[in-house]
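Please read the structure below before turning to the comments.
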Amino acid sequence: MTLGDFFKGLMENRPLVSAVTAWAAAQVLKTIINYLINKEWKAERLWGSGGMPSSHSATVCAFLVATAFNYGPASFEFAMAALFAIVVIHDARGVRLETGRQAEILNSITRFLRSGNSKIELPEEELKELVGHTPFQVAVGSAIGIIVGLLIH
């Protein structure tokens, strides 16, 4: 197989192309939405996790839709894509959202302790708070993924 054949094969892999396209679309929208709401440009939003919309949900939903069209809903590939989507969306909505909430509390405690000249050794950097997604952010990300999966198919 030549390098050209390899890249041609990648571009013909609709589940992969759908997933990557949905991820990119969600990340660009996330960056634009962040700019419109916060009136500041953050390039990190182009690749960072958390926020509106969920690029994780967009990615796995596009992958799931494209896999359904390419292999059928009775296929092993579709079953794997469905389970993968369920785990990723559950993690984005549940575990990572709670991690972000805990980071907010810990950062508040750290700022409070710093303001009182605490003798406790505190980290210099704050914990990342924007790591998970609300149900609405997951729903919008999922819708983006479904639309992209349908369009690319």
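The values are calculated or read from the model by the stated rules, or taken from the named source; none is laboratory data. Computed from a predicted structure; not experimentally measured. Note: ideal-geometry Cβ built from the backbone for every residue, glycine included; neighbour counts use all protein chains shown. Surface areas here come from the heavy atoms of the whole protein model, side chains and all, with no ligands, DNA or RNA. Shrake-Rupley method; radii C 1.70, N 1.55, O 1.52, S 1.80 Å.
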Diffing the stretch 79-90: the Karplus 3J(HN,Hα) column from phi (6.51, -1.76, 1.60, θ = phi - 60°), in whole Hz with x for Gly and Pro, holds 4, 5, 5, 5, 5, 4, 4, 4, 5, 5, 5, 4
Taking the Cα atoms of the stretch 37-119 alone, what are Rg (to one decimal) and Dmax (as a whole number) in Å? 19.0, 62
Figure the gain on full extension for Asp5 and Thr134 (residue separation times 0.36 nm, minus the Cα-Cα span) and round it to one decimal in nm. 42.3 nm
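Can you show me the helix-derived [θ] at 222 nm for the chain, built from DSSP H runs with n ≥ 4 at -39,500 (n - 2.57) apiece and divided by the number of residues, rounded to the nearest 500. Intermediate results must be reported in sequence, preceding the final value.
Numbers: 6 runs with 105 residues, N = 153.
Counting only the DSSP helices, I get -23000 deg cm²/dmol.
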Write down the accessible area per residue of the chain in Å², having rolled a 1.4 Å probe over the full set of protein chains. 63 Å²
Full extension between Gln102 and Ser75 adds, at 0.36 nm per residue less the Cα distance, a length in nm of 5.7 nm
Determine, for the chain, the count of lysine pairs separated by eight or more sequence positions (or lying on different chains) whose alpha-carbon distance falls under 25 Å. 6
For the stretch 51-65, what does the Karplus curve 6.51 cos²θ - 1.76 cosθ + 1.60, with θ = phi - 60°, yield as ³J(HN,Hα) per residue in whole Hz, taken in order and with x for Gly and Pro? x, 9, x, 6, 6, 4, 5, 4, 4, 6, 6, 5, 4, 5, 5
Could you pull the Rg and Dmax for the stretch 25-75, using just the Cα atoms, both in Å? 14.4, 47
So, in nm, how far is label Ile86 from label Leu46 when the simple model puts each one 7 Å beyond its Cα toward the Cβ? 3.7 nm
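What does the charge dipole of the chain about its Cα centre add up to, to the nearest 20 debye, if the Cβ of each Lys and Arg holds +1 and the Cβ of each Asp and Glu holds -1? Don't skip to the end; give the middle numbers.
Values: 13 positive and 13 negative charges, 63 e Å.
Magnitude of the dipole: close to 300 debye.
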In the chain, if the dipole is taken from +1 on Lys/Arg beta carbons and -1 on Asp/Glu beta carbons about the Cα centre, which of Val17, Tyr35, Ile152 is farthest to the positive end? Tyr35
What does the convex hull of the alpha-carbon atoms of the chain project to on average, in nm²? 12.2 nm²
Using mean Cβ contacts within 10 Å as the protection proxy, how do 100-111, 13-24 order, highest first? 13-24, 100-111
